[in-house]
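A.B. asks: Before anything else, here's the structure in question.
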2 protein chains.
Amino acid sequence: MRKWRRTHYTDQLGPEMDGQEVVLTGWVRDIRDLGKICFMVLKDRRGTVQITAPKKVVGEELYEVISGLGRQYCVAVRGVVRAHPEAPGGFEVIPREVEVLSKARYPLPIDPTGRTPAELDVRLDARVLDLTRDEVRAIFIIQHEVLRAVREFLSKEGFVEVFTPKIIATATEGGAALFPVKYFDKEAYLAQSPQLYKEELTLSFERVFEIAPYFRAEESHTRRHLSEFVMIDVEAAFTDAEDVMEVLERLIRHVFKAVKEHCRKELALLGREDLEVPQVPFERLTYDEALELVRSEGFDVPWGEDFPTPALRALGAKKPGFYFITDWPTASKPFYIKPRDDRPELCEAFDLMHGWLELASGGTRINDKELLIRRLREQGLNPANFEHHLKTFDYGMPPHAGWAIGLARLMMVITGKQNIREVVLFPRDKFRLVP
Amino acid sequence: MRKWRRTHYTDQLGPEMDGQEVVLTGWVRDIRDLGKICFMVLKDRRGTVQITAPKKVVGEELYEVISGLGRQYCVAVRGVVRAHPEAPGGFEVIPREVEVLSKARYPLPIDPTGRTPAELDVRLDARVLDLTRDEVRAIFIIQHEVLRAVREFLSKEGFVEVFTPKIIATATEGGAALFPVKYFDKEAYLAQSPQLYKEELTLSFERVFEIAPYFRAEESHTRRHLSEFVMIDVEAAFTDAEDVMEVLERLIRHVFKAVKEHCRKELALLGREDLEVPQVPFERLTYDEALELVRSEGFDVPWGEDFPTPALRALGAKKPGFYFITDWPTASKPFYIKPRDDRPELCEAFDLMHGWLELASGGTRINDKELLIRRLREQGLNPANFEHHLKTFDYGMPPHAGWAIGLARLMMVITGKQNIREVVLFPRDKFRLVP
C-alpha cells in the first residue's frame, strides 16, 4: 500500500516550525539547479513552498534526484523546515528524501505556470492541466461555496432538495432542441429542465429545489450557451411570481455575501476583491418599460418579441447590475406561465437580468387544468403528449410559482468571466464533446 | 395576483392562540357533514388541523361551500383558532372564509389517506399523489438531510464539489449497457459514472466529490437496480484504498447521526425510530474470507468470480450490518483499479456492504500510464479509445483512490425499504419511462 502520508499542506508551514520534520506531497512548479545548490518550488492545491537542496547538506545522491526533476512531476518530499529570512515566507524546507510519484512528459500542451498564455480552446483541450493554475481553480472553489450557500439558503426557506429524471418520454416545452436517447426499445429524450416534475411536486412537498444537469441541442455557438448545463430550479406552492422573485433576489444577495466572506483568496486571484454584494429589492422593469428603453436606443423591436442580443446589450449598458423584467407578453413565454387576470395578453413571468445577461427566468404557473390545455393548444402543442402531467392537475394542484437560474451564468457574473466555457469544468457545445 | 397569503402552517397552531385569526392553505383530507355541523381535516405538508363549521356560526352560504368540498381539494381557509379540549391538539379553527384554489377529480387513482393500500406500480403511476402521504414523503425529507450531511462532511474533509459531463464521447468501463445519444451529428453516450473525470481532477483539486445522476441500460429487472440513479462519487489524491474506506465509514456514521438527530418525526413515520448509528471501523473481510464463508454455506463459487445473489444473501444473513469486502481478484474489477504490488492477482479494491446489499465500491487507482494501458488491453479494451484520459497521465498524475456510493441504496438501508423504487421519486427501469 501507500508509503507517503502528507503531514502538512504547504500553507500550514512557517518559520516557527524551524527544525520540524514534515512530509509534503505535490507537484514541481519550478526547479533551479545552480550546481552546488538546487531550489525547487513545490506546489500543492493550497500553496507553494521553497525546497532548498545544498549539495553539501543533502549529499550527491539526493541532489541528483532533485536536480533531475521536471516541472509538473508529482513528488513526495520528506524534509526539515528551516527558518530563513531570505526565503519566501521566511522559511524553506531542507529535503532528506524525495520520491517521484509520477513523471510528466514533455512538451506539456500548455504552460502550467501560466507565464505563456494559451487560447481558451487549447486550455480546454488540456483542461485538467489548465486547472492546476490557481486562478483557474479559484473559479470552481468559488462555485463550491456558491452551491453551499444556495442550498443553505433554500433549506432554511423550507425547500426540499429533489432529483427528477433526466431521461424523459416527452418534450417539456415543445420538441425543439432535444437530444434523443435510445432507451431500450423506446425513443426518449434528455430533459431540458425539471419544469413539469417540479411543478407536480408542489402538490406534496409544497417547496422543492433541484440542482442538476440539463441538456439542450443548442445550434447557436455563443459565449453564453452550452448544450449541457447545471440549473438551480425552485418551485413553491401557494406563491406567485412576486413571492419567488423576492426569494431569488434574497438568494443572490446571500450567495454574494457568502462568497465575499469565504472566498477572499479566490476573489483576489481573479481580481474580484471589489465584488459588491447587491442591495435588494432589485429594480423591476416591465417588458413595456424595457421595450421603450430599447427603442429609445434605436432598436426597432416589435411589441411581443423577445429582445435580440444587440438590444439586450444596449439595455445592459443602461442597467449594469441586477434587475427584473416582468409582465412579458403571454405569447413569448412557455405554455405553463399564468396569463394576468386583468390583461391576459401579458403574463406573470419574469427574467432576472445582470446587465445584458439573462440569468434566470420564472413566473406564476397555471394551476387550472382547462386553462393549461387551452394554452398548450395555443402554442401548437398536443395535450395528449402531456397526459401524465395533466392528470396531476386532477389531484388538487396548488397555485404555485418558481424559477430557474443557470449556475454557470451566475458564476460568470461573480467571476467576471465573459465566456461561459471558462466557468464550466468540461464544457459541451456543438463542436466540443471531449474531454 | 395572489389573494391568499398563508399566515401559519398547521403545526404552528395551538390552543394558546385562542381567538387569533389565521390563514391556512392546504388540502382537504377528510370531510364529515353532520347536517348542522361540518368537520374538515385540512392538511398541509407539516400536519393537519381540524376545521369546525357549525352552520349557525358560519352561516348557510359558507356551510354550503365547506360541506361541498371533496377530498384532496386545494383550499385556503381564513378562520379563528378556538381552544377546544375535545378537538385533536386541544383546538380547532372556526372558518370565516373558504376559497377553493383547485378541485380534485374522482375517482382518484389511489387513496391519498393510505387507508386503502395500493400496489407499488399503481402508486408510482400516480406518484405525486402517493407523495402526499406523510410516510412516503418522509423518505425524501430524510434524503434531503442525507444529502446535506454528506456535503457537510465532505466539505469539512477538504473535498470540492464538481460537475462533470453526463454526455460523453467514449465508454468509461467498456461499452456494455450504455445509452446512446445522438449528439448533433455525432454518436455519444450517457455517462455511467464520473470515474475518469474525477480521477483526472485529483491532478488539480486533489480532492473532489460529485453527486449527480448516471445512466445504465440495466437489462435485469431487480428490486435494487434502476437505469437512472444518483451516485455520490469521491476521489482523493495522495490516498489509497484504506484511507478512503476510512473516509467512507466515517461519512456513513456522520449521516446516520444527522438523520437520527434531525429526522425523528420522519423516522417514526417509517417505523425506524430505532435506527442505529453504526460504530466504526466497519469490519473488513477479504474476498478470500468472504468466499470461504459463502462456500461454508454451500455455495460453490469459483475463486475469482463475483458473488451471485443467493451467495450474497447467505453472506448478508451472517453479516447483517456494514462491512467491507477487500482484496478482490484483479480480473473481477475495472481496469483502473491498482493491482497489489505483492500479489498482482489481487487488487486494492473494496466493496461496502450492508447485509447482502452492495452499497459502494472503490479502491486505489492506477496512476502509472504504462500499467494502465496494459490493464486496458488485458480487459479487452482499446487504449486508443481512452486517448484523452491517458494524456492526463502525462501531467504528473498523483496516486489517488476513491469510491462511489449509490444514494438510493443508502436510502434503502436508512429507511428499511426493500425495493429501490420506493426511495426514488420517479424511478426509471426497462419497463418504466413515465411519469
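A.B. asks: Helix check for chain B. Which DSSP H runs span at least 20 Å along their own axis by Cα, with a mean Kyte-Doolittle hydropathy no less than -1.0?
C.D. replies: Counting only whole DSSP H runs, the qualifying helices are B:134-156, B:241-262.
A.B. asks: Go through region A:1-73 and name the chymotrypsin sites (Phe, Trp or Tyr not before Pro) that are in a DSSP coil and have 12 or fewer other Cβ atoms within 10 Å of their Cβ.
C.D. replies: Filter output for region A:1-73: empty list.
A.B. asks: With +1 on each Lys and Arg Cβ and -1 on each Asp and Glu Cβ, how big is the dipole of the protein assembly as shown about its Cα centre, in debye rounded to the nearest 20?
C.D. replies: So the dipole magnitude of the protein assembly as shown works out to roughly 40 debye.
A.B. asks: Given contacts defined as C-alpha pairs under 8 Å and at least six residues apart, what's the relative contact order of region B:130-423, whole-number percent?
C.D. replies: 20
A.B. asks: Binning every alpha carbon pair distance of region A:272-387 at 10 Å from zero, what are the percents per bin?
C.D. replies: Pair shares across the bins are 13, 39, 29, 15, 3, 0.
A.B. asks: Counting heavy atoms of the protein chains only and a 1.4 Å probe, report the per residue accessible area for region A:2-102 as a whole number of Å².
C.D. replies: 47
A.B. asks: Then there's this: Taking a 1.4 Å probe, which of A:Met231, A:Met397 shows the most accessible area, and what order do the others take after it?
C.D. replies: Ranked from most to least accessible, the order is A:Met231, A:Met397.
A.B. asks: Going out from 0 in 10 Å bins, what whole percent of all Cα-Cα distances in the protein assembly as shown drops into each bin?
C.D. replies: With 10 Å bins starting at 0, P(r) equals 2, 11, 20, 23, 19, 13, 7, 3, 1, 0, 0.
A.B. asks: Here is a further query. Comparing A:Gly363, A:Gly26, A:Gly355, which has the greatest mean-square fluctuation in the GNM of chain A with Cα pairs linked when under 10 Å apart?
C.D. replies: A:Gly26
A.B. asks: OK, next. Is the shape of region A:148-293 rounded, prolate or oblate, going by the alpha carbon gyration tensor and its root eigenvalues a ≥ b ≥ c, with a/c under 1.5 for rounded and a/b larger than b/c for prolate?
C.D. replies: prolate
A.B. asks: Show that you can apply the helix-only estimate: for chain A, add -39,500 (n - 2.57) for every DSSP H stretch of four or more residues, divide by all residues, and state [θ] at 222 nm to the nearest 500.
C.D. replies: Computed ellipticity for chain A at 222 nm equals -8500 deg cm²/dmol.
A.B. asks: Which lysines have a Cα lying under 21 Å from the Cα of B:Lys338, excluding residues fewer than 8 positions away in the same chain?
C.D. replies: The reachable lysines, counting only those whose Cα sits under 21 Å from B:Lys338, are A:Lys3, A:Lys103, B:Lys198, B:Lys369, B:Lys391.
A.B. asks: Pairwise over distinct Cα atoms, reciprocal of the mean inverse distance: report the Kirkwood radius of region A:291-356 in Å, one decimal place.
C.D. replies: Here the Kirkwood hydrodynamic radius works out to 12.5 Å.
A.B. asks: Please list, short to long, the whole-number percent of alpha-carbon pairs of region A:240-320 in consecutive 5 angstrom bins beginning at zero.
C.D. replies: P(r) for region A:240-320, in whole percents per bin: 3, 13, 17, 13, 15, 17, 12, 7, 3, 0.
A.B. asks: Follow-up question, since we're still on this one. Using modelled amide H (1.01 Å from N, peptide plane; none on Pro or chain starts), what sits under 5 Å from the amide H of B:Cys347, excluding residues fewer than 5 places away?
C.D. replies: It is B:Trp328, B:Thr330, B:Arg340, by chain and number.
A.B. asks: Let me ask something else. To the nearest 100 Å², how much accessible surface do chains B and A cover up together, summed over both, with a 1.4 Å probe?
C.D. replies: 8700
A.B. asks: Which percent of the Cα-Cα distances in region A:347-435 go past 24 Å?
C.D. replies: That tail contains 46 percent of the Cα-Cα pairs.
A.B. asks: Which three numbers, in whole Å and largest first, are the semi-axes of the equivalent ellipsoid of region B:2-102 derived from its Cα gyration tensor as √(5λ)?
C.D. replies: Its equivalent ellipsoid spans semi-axes of 18, 16, 13 Å.
A.B. asks: Right, next: Scan region A:127-174 for GluC sites (Glu not before Pro) in coil per DSSP, keeping those whose Cβ has at most 15 other Cβ atoms within 10 Å, and list them by number.
C.D. replies: Counting only loop positions with at most 15 other Cβ atoms within 10 Å, the GluC sites (Glu not before Pro) in region A:127-174 are A:Glu157.
A.B. asks: Quick one: accessible surface of B:Tyr189, probe radius 1.4 Å, all protein chains present, in square angstrom to the nearest 10.
C.D. replies: Counting only protein heavy atoms, B:Tyr189 exposes about 60 Å² to solvent.
A.B. asks: Any idea what the dipole of region B:1-68 comes to, in debye rounded to 20, about its Cα centre with Lys/Arg Cβ at +1 and Asp/Glu Cβ at -1?
C.D. replies: So the dipole magnitude of region B:1-68 works out to roughly 280 debye.
A.B. asks: For chain B, what is Rg from Cα atoms divided by 2.2 N^0.38 Å, rounded to two decimals?
C.D. replies: Here the Cα radius of gyration is 1.22 times the empirical estimate.
A.B. asks: When chain A is treated as a GNM, springs tying every alpha-carbon pair under 10 Å, which of A:Thr48, A:Thr170, A:Thr330 comes out with the largest mean-square fluctuation?
C.D. replies: A:Thr48
A.B. asks: Let me know the mean shielding of A:272-284 by other chains, meaning the per-residue number of their Cβ atoms within 10 Å of its Cβ.
C.D. replies: Other-chain Cβ atoms within 10 Å of each residue's Cβ, averaged: 0.
A.B. asks: Further, regarding this structure: Would you list A:His262, A:His254 from the most to the least accessible area, probe 1.4 Å?
C.D. replies: So, going from the largest accessible area down, we get A:His262, A:His254.
A.B. asks: For region A:82-170, count all C-alpha to C-alpha pairs, find those more than 23 Å apart, and express that count as a whole percent of the total.
C.D. replies: When all Cα pairs of region A:82-170 are counted, 62 percent exceed 23 Å.
A.B. asks: Another one. In whole percent, and with a 1.4 Å probe on the protein chains, what portion of the accessible area of chain A is carbon and sulfur?
C.D. replies: Of all accessible area on chain A, carbon and sulfur atoms account for 49 percent.
A.B. asks: Oh, and also: If each label sits 7 angstrom from Cα along the C-beta direction, how far apart, in nm, is B:Gln279 from its counterparts in the other copies?
C.D. replies: The projected label point of B:Gln279 is separated from its counterparts by 6.0 nm.
A.B. asks: With all protein chains present, calculate the accessible area of A:His225 using a 1.4 Å probe and round the result to the nearest 10 Å².
C.D. replies: Spelled out: A:His225, probe radius 1.4 Å, area about 50 Å².
A.B. asks: What aspartates and glutamates sit close enough to A:Lys55 to cross-link, taking a C-alpha to C-alpha distance under 15 Å and skipping anything fewer than 8 places away on the same chain?
C.D. replies: Straight-line reach from A:Lys55, under 15 Å: A:Asp33, A:Glu64, A:Glu97.
A.B. asks: Quick one, can you get me the convex hull of the C-alpha atoms of region A:358-400 expressed as volume per residue in Å³?
C.D. replies: Each residue corresponds to 96 Å³ of Cα convex hull volume.
A.B. asks: Quick one: accessible surface of A:Ser67, probe radius 1.4 Å, all protein chains present, in square angstrom to the nearest 10.
C.D. replies: A:Ser67 exposes around 40 Å² with every protein chain in place.
A.B. asks: Measuring with a 1.4 Å probe in the full set of protein chains, what accessible area per residue, in whole Å², belongs to region A:130-423?
C.D. replies: Value for region A:130-423: 35 Å² per residue.
A.B. asks: Okay, next question. Most fluctuating residue of A:Arg250, A:Arg377, A:Arg115 in a GNM of chain A with Cα springs under 10 Å: which is it?
C.D. replies: A:Arg115
A.B. asks: Another question, then. Non-local amide H neighbours of B:Phe307 (under 5 Å, H modeled in plane, Pro and chain starts lacking H): which ones?
C.D. replies: So B:Phe307 has HN proximity to no qualifying residue.
The values are calculated or read from the model by the stated rules, or taken from the named source; none is laboratory data. Nothing here was measured: the structure is a model prediction, and the numbers come from that model. Here Cβ is always computed from backbone atoms with ideal geometry, including for glycine, and neighbour counts include all displayed protein chains. Protein only, heavy atoms only, side chains kept; ligands, DNA and RNA dropped before computing areas. Shrake-Rupley method; radii C 1.70, N 1.55, O 1.52, S 1.80 Å.
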